[in-house]
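Colleague: Quick one: structure below, then a few questions.
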């Protein structure tokens, strides 16, 4: 199944994309060893965020190959994430969708402290 994940992060000590992908793998796993039962391919994202950066909304798209027939809920994924990374929505998407290629715009805001 191909899915899009809308998520955000708040200056966390973890890499947000990696944390979300690990949580998705855990939720879609049918065994204790998630690497054996879940594969993710075709991962694309609207933009990158590194450890310590804020990202109000990001979109990841990926294909999840799993024995589990349905998507995990955002609440199930959030239960496995730190408080600084939140998944807002997970939805099935068309195979042709690419978060990177179909992103129409990006907005950046820089806050500079004034002394």
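Colleague: Sort out which residues of the range 66-76 are within 20 Å of residue 19 (Cβ to Cβ) and touching a helix residue (DSSP H, G or I) at 6+ places or on another chain (Cβ under 9 Å), and write them in order of number.
Modeller: Scanning the range 66-76 gives 66, 68, 71, 72, 73, 76.
Colleague: Let me ask something else about it. Please work out which one of (1) surrounded by 18 or more Cβ atoms within 10 Å (Cβ to Cβ); (2) closer than 19 Å to residue 109 by Cα; (3) at pLDDT 85 or above is the condition residue 46 fails and give its number.
Modeller: That leaves (3) as the condition not met.
Colleague: Might you check whether a residue that is out of contact with any strand residue (DSSP E or B) (no Cβ under 8 Å at 6 or more places or on another chain) and either in contact (Cβ under 8 Å) with a residue 24 or more places away in the chain or surrounded by 14 or more Cβ atoms within 10 Å (Cβ to Cβ) (or both) occurs anywhere in the range 92-99?
Modeller: Scanning the range 92-99, I find no residue that is out of contact with any strand residue (DSSP E or B) (no Cβ under 8 Å at 6 or more places or on another chain) and either in contact (Cβ under 8 Å) with a residue 24 or more places away in the chain or surrounded by 14 or more Cβ atoms within 10 Å (Cβ to Cβ) (or both), so the answer is no.
The values are calculated or read from the model by the stated rules, or taken from the named source; none is laboratory data. The model shown is predicted, which means the values in this text are computed figures rather than measured ones. In this analysis, Cβ positions are derived from the backbone assuming ideal geometry, glycine residues included, and neighbour counts consider all displayed protein chains.
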